[in-house]
1. Label-point separation (nm) for LYS40 and ASP17, each offset 7 Å from Cα along Cα-to-Cβ?
2. Please give the charge dipole size of the stretch 1-78, origin at the Cα centre, charges +1 on K and R Cβ atoms and -1 on D and E Cβ atoms. Round to the nearest 20 debye.
3. How much accessible area per residue does the stretch 51-107 have, in Å², with a 1.4 Å probe?
4. Hey, which of these cross-link pairs are over 27 Å Cα-Cα: LYS114/LYS206; LYS114/LYS182; LYS77/LYS106; LYS37/LYS87; LYS48/LYS77?
5. Relative to the present Cα-Cα distance, how much length would full extension add between THR85 and GLN162 at 0.36 nm per residue of separation?
6. Hey, what does the equivalent ellipsoid look like for the stretch 84-241, semi-axes from the Cα gyration tensor as sqrt of 5 times each eigenvalue, largest first, whole Å?
7. Can you list the HN-Hα couplings for the stretch 61-78, worked out from phi with the Karplus curve (6.51, -1.76, 1.60; θ = phi - 60°), rounded to whole Hz and with x for Gly and Pro?
8. Determine, for each peptide in 189-201, 15-27, 82-94, the mean count of other beta carbons within 10 angstrom over its residues, then list the peptides with the highest first.
Amino acid sequence: IGNDPTNYVLRNLDDIDAALADGKPSDSLQLARACLKKVKGIDNLPNKKEFIANLHSSIGCALLEMGNLDAALSEHKEDLNISNTIKSEEGKARALDNIGRTYARKSDYSEAVKYWEQRIPMHKTVLEAAWLYHELGRCCLELGKFQEASNYGEQSLDSATQASDDNWQINSSVLIAQAEVKLSNDEKALENFNRALDIAKILDDKAVQDAITKAVQDVNYRIAENLRQGVEPAVEEAEPAPKEPTPPPKEPTPPPKEPTPPPKEPTPVATPA
């Protein structure tokens, strides 16, 4: 450890994060647990509780990647408890992010929403807001709360537009479209699928273009069928048509961290039911 315990912890945190980024969660977990044990024994460490909270977060992230969800949840909640005690807004935001991600991975979308909604007033960038509103919308979609899903999608789209981020504009537009399909608002769904398709063409993302094109074809077919049968287009307040919500991605997207760019791959597009 030497005469600079702070530098020792920071170096270890870098190594812990690097191992996780390299796809080695077990190595990250081992390093984090060893570092936590050392840190707890250092009496002259400034910001000791902040480092302990951070290490619980690191352990939780490694456990999450390893699929040990209950243990990961316990670590992230410990991070939240400590961060609340020391009044660390950064730590609290981090913990709420990760608790929401863990609950979403457990398919407990109601709990994910509960924690992520606490996170809303804490975002610092519009890119962060785009991610957060999108993830909330995906959870609402899974819960069958289609109007709320669409509303969150609109907020995500607004934030993504402010951030000039094409990938998150695709993600949010697709989310709105999927929710509107469930609300039988086919025209609005088509509008948003087409917006996402236009951006995917600009990015020359063939896989996303193909998936959205299939979704557009399905919506157009449904509109044509409704016209053939003399069914009037649904109004905004229409009741949800299908009972089964569109499944969101199984893996909740990690929050973007400035200045690191957001994930390059947009959320997979689900074909409308």
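1. Placing both labels 7 Å along Cα→Cβ, they lie 2.4 nm apart.
2. Details: 9 positive and 12 negative charges, 60 e Å.
The calculated dipole for the stretch 1-78 is roughly 280 debye.
3. On the way: 2120 Å² over 57 residues.
Each residue of the stretch 51-107 exposes 37 Å² on average to a 1.4 Å probe.
4. Numbers: LYS114/LYS206 36 Å; LYS114/LYS182 23 Å; LYS77/LYS106 15 Å; LYS37/LYS87 23 Å; LYS48/LYS77 18 Å.
Too far apart for the 27 Å limit: LYS114/LYS206.
5. Details: separation 77, 0.36 × 77 = 27.72 nm, distance 3.43 nm.
The span from THR85 to GLN162 would gain 24.3 nm if fully extended.
6. Values: eigenvalues 196, 67, 29 Å².
Semi-axes, largest first: 31, 18, 12 Å.
7. Result, ordered by residue: 5, 5, 5, 4, 5, 7, x, 8, 6, 5, 5, 4, 4, 4, 5, 5, 6, 5 Hz.
8. Values: 189-201: 21.1, 15-27: 15.4, 82-94: 17.3.
Top of the packing list down: 189-201, 82-94, 15-27.
The values are calculated or read from the model by the stated rules, or taken from the named source; none is laboratory data. Everything numeric here is computed off the predicted structure, so don't read it as measured data. Reconstructed Cβ throughout: ideal geometry from the backbone, glycine too, with neighbour counts over all protein chains shown. In case anyone asks, the SASA skips ligands and DNA or RNA and just uses the protein heavy atoms, side chains included. Shrake-Rupley method; radii C 1.70, N 1.55, O 1.52, S 1.80 Å.
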